[in-house]
Amino acid sequence: MSETGKQRGAAIDLSAVSKAYGSFRALDDISLHIEAGEFMTLLGPSGSGKTTTLNVIAGFTEVSAGSLQVGGRSVVGMPAHKRNIGVVFQHYALFPHMTVGRNVAYPLSLRGVAKTEREARVKRALDMVRMADFAHRYPSELSGGQQQRVALARAIVFDPPLLLMDEPLGALDKKLREWLQLEIKRIHRELGTTFVYVTHDQEEALVLSDRIAVFNRGKIEQVGTGRDLYDAPETLFVGRFIGDSTVLRGQSRGDGSSTALDIAGETVTAPLKHAGRGQPVMLLRPEKLAIRRPGLGRNDGDNRLSGTISEAIYLGSGSKYEIRLRDGSTAIVRSPLTDESFTIGEAVELCFRGEDAKLVADDSAADTTLT
Ligand SMILES: Nc1ncnc2c1ncn2[C@@H]1O[C@H](COP(=O)(O)OP(=O)(O)OP(=O)(O)O)[C@@H](O)[C@H]1O
Ligand SMILES: [Mg+2]
C-alpha cells in the first residue's frame with residue numbers, strides 16, 4: 001500500500017502461451033491482455049487450465065511456448081521471487097509457528113525493510129483486512145475465513161503491483177464467502193492493484209470482476225464483462241456456463257437474414273444469420289421466455305413451442321419453471337410474480353421473440369465439459 005492508498009497496478013500480456021505436459025496441452029495457445037488495475041477473473045470448469053495460467057504468471061511454472069509480460073517487461077525465465085507478485089491460494093498455509101503479525105511481516109523481512117517501517121506496514125495491511133486485533137494470535141487460533149484474510153494481508157503488505165488469487169474462498173461456507181467477496185472488492189478498489197482471481201463459481205466471478213476470461217479445455221472461449229458474457233455469449237459453452245439457458249436444437253434452414261429451426265414438427269425463427277461454423281442452435285435466457293396456456297390469443301413473441309411443465313419452483317420474487325418440449329429437451333423459464341401459475345404436468349406453450357435468441361454453433365463437447 002502506498003501512502004496515498006492508491007497505486008497503479010501492472011498490466012499483463014499473455015501472448016500465444018502454451019504449456020505442455022508430454023503430449024497433453026494444459027494451456028493451448030492462450031492470449032490475454034489484463035489492464036493495469038483491472039480485476040480479471042479466470043473462470044472455468046475443473047482441469048480447464050486456470051491454475052496453470054496463474055502459475056505461469058507467478059513464475060511457478062515455465063511456459064512451453066509464447067510470451068508473457070508483466071508491467072511491460074518480459075518475465076519469461078525470471079524466477080518467481082524476482083517477479084514481486086502477491087499470491088493467495090485456496091489452502092495457503094500460514095506459517096503455523098509464527099503469530100499473525102510475524103506472518104504478515106515475513107515478506108518485508110525478506111526484502112530487508114527496517115523495523116519501524118515494517119511495523120507500520122503490517123498494521124496497515126492488517127487494518128485493511130480488518131484483522132488488526134489478531135496480530136498476536138497463532139494461525140491455529142483463527143477460523144478459516146480469518147486465516148484467509150491474514151493470507152491476503154501477507155500478500156499485499158509489500159505493495160505488489162499484481163495480486164494472484166486461486167480459489168481463496170473455496171474452502172469457506174457460503175455466507176462467509178459472500179461477505180469476503182465484498183471485502184476483496186473493497187480492497188481491490190482501495191489498492192488500485194491488478195487482481196487476477198481464479199474461480200469455478202460463475203456467481204462469484206460476476207460479483208467480483210471487471211472482466212472474466214472463460215476457460216475450457218486449455219483454451220479461452222471468451223473474455224468480457226459479466227454482461228457481455230450473459231447477453232452475448234459467443235459459444236454454446238459460454239452461454240451455458242454463465243447463467244441459466246435453454247438450448248434449442250433442430251433441423252436448421254437459413255437465408256441471408258434469418259435462421260429457422262424445425263423442432264419435432266414445430267418451427268421457430270430468429271432474425272439472425274448464423275455466422276459460426278457447424279450447426280446453429282438457439283440459446284435463450286430464462287427471462288426472455290414466457291409460458292402461456294395453449295390456444296390463448298395473447299401474443300408473447302413470434303415463436304411458440306408446445307411443452308409440458310416438468311418442474312415448478314417458487315422463488316419468492318417469482319417462479320422458475322422447467323418445461324419438457326416435444327423433442328425431449330428442457331426449457332428453463334423464470335417468470336415474475338403474477339396471478340398466473342402452472343402446475344406440473346400441465347400442457348403449455350413456450351413463447352419468445354426471435355430477436356431474443358442467440359445463435360451459436362452447436363458443440364456437443366460443451367455438454368460434457370461443464371462439470
Ligand atoms: N504437473 C502436471 N503434470 C501433468 N498434467 C498437469 C500438471 N499440472 C496440471 N496438469 C493438468 O493440466 C490441466 C489443467 O490443470 P489446472 O490445474 O490448470 O486446472 P484448473 O482449471 O485449475 O482446475 P481446478 O478447478 O480443478 O483447480 C489438468 O488436466 C491437469 O491434470
Ligand atoms: Mg485450479
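The values are calculated or read from the model by the stated rules, or taken from the named source; none is laboratory data. These figures come from a predicted structure and were not determined experimentally. Heads up, the Cβs are rebuilt from the backbone with ideal geometry, glycines too, and the neighbour counts pull from every protein chain shown. SASA here: full protein model, heavy atoms, side chains in, ligands and nucleic acids out. Shrake-Rupley method; radii C 1.70, N 1.55, O 1.52, S 1.80 Å.
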> Can you tell me which residue in the range 27-51 is nearest to Leu162 (Cα to Cα), limited to those that are within 12 Å of ligand 1 (Cβ to nearest atom) and in a strand (DSSP E or B)?
Replying inline: Leu42
> Of the residues that make up the range 115-129, is at least one farther than 22 Å from Ile184 by Cβ, without any contact (Cβ under 8 Å) to a residue 60 or more places away in the chain and not in a helix (DSSP H, G or I)?
Replying inline: no
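Here's the yes/no breakdown for (1) among the charged types (D, E, K, R); (2) at pLDDT 95 or above:
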{"position": "Asn84", "(1), (2)": "no, no"}
{"position": "Val87", "(1), (2)": "no, no"}
{"position": "Leu94", "(1), (2)": "no, no"}
{"position": "Met98", "(1), (2)": "no, yes"}
{"position": "Gly101", "(1), (2)": "no, yes"}
{"position": "Val104", "(1), (2)": "no, yes"}
{"position": "Arg111", "(1), (2)": "yes, no"}
{"position": "Ala120", "(1), (2)": "no, yes"}
{"position": "Arg130", "(1), (2)": "yes, no"}
>> I want to confirm something. Restricting to the range 156-173 and keeping residues that are more than 14 Å from the chain's Cα centre (by Cα) and not in a loop (DSSP other than H, G, I, E, B), which single residue is nearest to ligand 2 (Cβ to nearest atom)?
In response: Leu164
> Is one or more of the residues making up the range 12-26 assigned to a strand (DSSP E or B), under 27 Å from Thr193 (Cβ atoms), among the charged types (D, E, K, R) and touching a Lys or Arg at 6+ places or on another chain (Cβ under 9 Å)?
Replying inline: yes
>> For the range 134-161, which positions are among the hydroxyl-bearing types (Ser, Thr, Tyr) and surrounded by fewer than 16 Cβ atoms within 10 Å (Cβ to Cβ)?
In response: Ser140, Ser143
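Working only within the range 204-220, note down all residues that are crowded, with 18+ Cβ neighbours inside 10 Å and away from ligand 1 (no atom under 13 Å from the Cβ).
Leu206, Leu208, Ser209, Arg211, Ile212
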> When you scan the range 52-65, how many residues do you find that are within 19 Å of Leu163 (Cα to Cα) and open to solvent by less than 60 Å² (accessible area, probe 1.4 Å)?
Replying inline: 9
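Name the strands (runs of 3 or more DSSP E) wholly inside the range 186-305 in which the number of residues that are assigned by TED's automatic domain parsing to the domain that holds Ala357 and basic (Lys, Arg) is 2 or more.
none
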> Could you list, in sequence order, the residues of the range 186-203 that are closer than 18 Å to Gly239 by Cα and open to solvent by less than 10 Å² (accessible area, probe 1.4 Å)?
Replying inline: Thr199
> Consider Gly265 against the criteria (1) within 24 Å of the chain's Cα centre (by Cα); (2) over 30 Å from Leu42 (Cα atoms): it satisfies all of them except one. Which criterion is unmet?
Replying inline: (1)
> Somewhere in the range 37-49, is a residue on the phi < 0 side of the Ramachandran plot, surrounded by fewer than 20 Cβ atoms within 10 Å (Cβ to Cβ), away from ligand 2 (no atom under 16 Å from the Cβ) and under 22 Å from the mean Cα position of the chain (by Cα)?
Replying inline: yes
>> Restricting to the range 162-175, name every residue that is surrounded by fewer than 15 Cβ atoms within 10 Å (Cβ to Cβ) and in contact (Cβ under 8 Å) with a residue 24 or more places away in the chain.
In response: Ala171
> Residue check, Ile12 against (1) within 16 Å of ligand 2 (Cβ to nearest atom); (2) crowded, with 20+ Cβ neighbours inside 10 Å; (3) touching a residue at least 60 places away in the same chain (Cβ under 8 Å), all met but one. Which one?
Replying inline: (1)
> Condition test on Ile57, is it assigned to a helix (DSSP H, G or I), assigned by TED's automatic domain parsing to the domain that holds Arg124 and either of a type in the set (A, V, I, L, M, F, W, C) or away from ligand 1 (no atom under 13 Å from the Cβ) (or both)?
Replying inline: yes
> Quick one: Pro96 ticks every box in (1) touching a residue at least 40 places away in the same chain (Cβ under 8 Å); (2) open to solvent by 60 Å² or more (accessible area, probe 1.4 Å); (3) closer than 30 Å to Asp29 by Cβ bar one, so which box is it?
Replying inline: (3)
> With respect to Ile34, is the statement that it is open to solvent by less than 10 Å² (accessible area, probe 1.4 Å), closer than 14 Å to Arg217 by Cβ and under 20 Å from the mean Cα position of the chain (by Cα) true?
Replying inline: no
>> Considering only the range 176-185, I want to know if a residue exists there that is assigned by TED's automatic domain parsing to the domain that holds His97, open to solvent by 40 Å² or more (accessible area, probe 1.4 Å) and touching a Ser or Thr at 6+ places or on another chain (Cβ under 9 Å).
In response: yes
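Checking the structure you have, find out if any residue of the range 66-87 is within 19 Å of the chain's Cα centre (by Cα) and either away from ligand 2 (no atom under 16 Å from the Cβ) or open to solvent by 40 Å² or more (accessible area, probe 1.4 Å) (or both).
No, the range 66-87 contains no residue that is within 19 Å of the chain's Cα centre (by Cα) and either away from ligand 2 (no atom under 16 Å from the Cβ) or open to solvent by 40 Å² or more (accessible area, probe 1.4 Å) (or both).
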